[in-house]
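Have a look at the structure below before the remarks.
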Amino acid sequence: MKGEEARLRLKEIFGLQIGFNKDFDKHIELLKESMALDFLDWCKGAKDNKELGSVPRKKEFKHLYVFFRKIASDVRAVLIKEQNSNFIMIILSDHKQYDDERTRLGYKRSSYYDS
């Protein structure tokens with residue numbers, strides 16, 4: 001699936017306020033068509049309150065609700081929603097960027113930088 005097509009479909013699901021990380025197109029295009037469609041179904045499920053998310057541990061992000069998903073062996077997704085409001089960001093990335101985002105939100109300690 002091409003990045004632009006995926007962005008359009010996701011804007012239909014979440015609205016025009018949704019943002020995408022800079023590598024979104026690269027990672028969506030790495031997926032097989034069936035995986036991309038499964039990802040879109042997962043996003044729709046999150047929008048329809050059928051997926052389980054959580055509130056980040058860090059105090060400055062307590063106003064958010066976050067969903068995580070492993071899509072392929074090398075593609076991960078983070079979907080961020082403001083509590084009781086709109087979905088604001090979709091991040092598709094490799095495992096390192098995914099871990100960095102989880103660390104930033106307070107879900108884990110960095111395994112790359114800590115000794």
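The values are calculated or read from the model by the stated rules, or taken from the named source; none is laboratory data. As the structure is a computational prediction, the values presented were derived from the model and not from experiment. Here Cβ is always computed from backbone atoms with ideal geometry, including for glycine, and neighbour counts include all displayed protein chains.
The residues of region 79-99 that are at pLDDT 95 or above and touching a Phe, Trp or Tyr at 6+ places or on another chain (Cβ under 6 Å), listed by number, are Leu79, Lys81, Phe87, Ile90, Leu92. Pairs are defined by a Cβ separation below 9 Å, a sequence spacing of at least 6 or placement on different chains, a first member in region 58-74 that is within 13 Å of Asn86 (Cα to Cα), and a second member that is outside any strand (DSSP E or B) and among the hydroxyl-bearing types (Ser, Thr, Tyr); the pairs so defined are His63/Ser85; Val66/Tyr107.
Within region 25-45, residues that are over 14 Å from Arg9 (Cα atoms) have Cβ atoms under 8 Å from residues that are part of a helix (DSSP H, G or I) in these pairs: Lys26/Gly3; Glu29/Gly3; Leu31/Phe39, counting only partners at least 6 apart in sequence or on another chain. Taken together, Leu37, Leu10, Leu92 contain a single residue that is surrounded by 12 or more Cβ atoms within 10 Å (Cβ to Cβ), outside any strand (DSSP E or B), aliphatic (A, V, I, L, M) and under 13 Å from the mean Cα position of the chain (by Cα), which is Leu10.
Pairing residues of region 92-111 that are more than 17 Å from Phe67 (Cβ to Cβ) with residues that are not small (Gly, Ala, Ser), at Cβ distances under 6 Å and at least 6 apart in sequence or on separate chains, gives Asp94/Asp74; Ser110/Thr103. For Lys62, the criteria (1) under 16 Å from Arg9 (Cα atoms); (2) out of contact with any Gly (no Cβ under 9 Å at 6 or more places or on another chain) hold in every case but one, which is (1).
Return yes when Leu105 is crowded, with 16+ Cβ neighbours inside 10 Å and not aromatic (Phe, Trp, Tyr) and no when it is not. So Leu105 passes the test.
Filtered by the rule that a residue be of a type in the set (D, E, K, R), surrounded by fewer than 19 Cβ atoms within 10 Å (Cβ to Cβ) and touching a helix residue (DSSP H, G or I) at 6+ places or on another chain (Cβ under 9 Å), region 59-80 gives Arg69, Lys70, Asp74.
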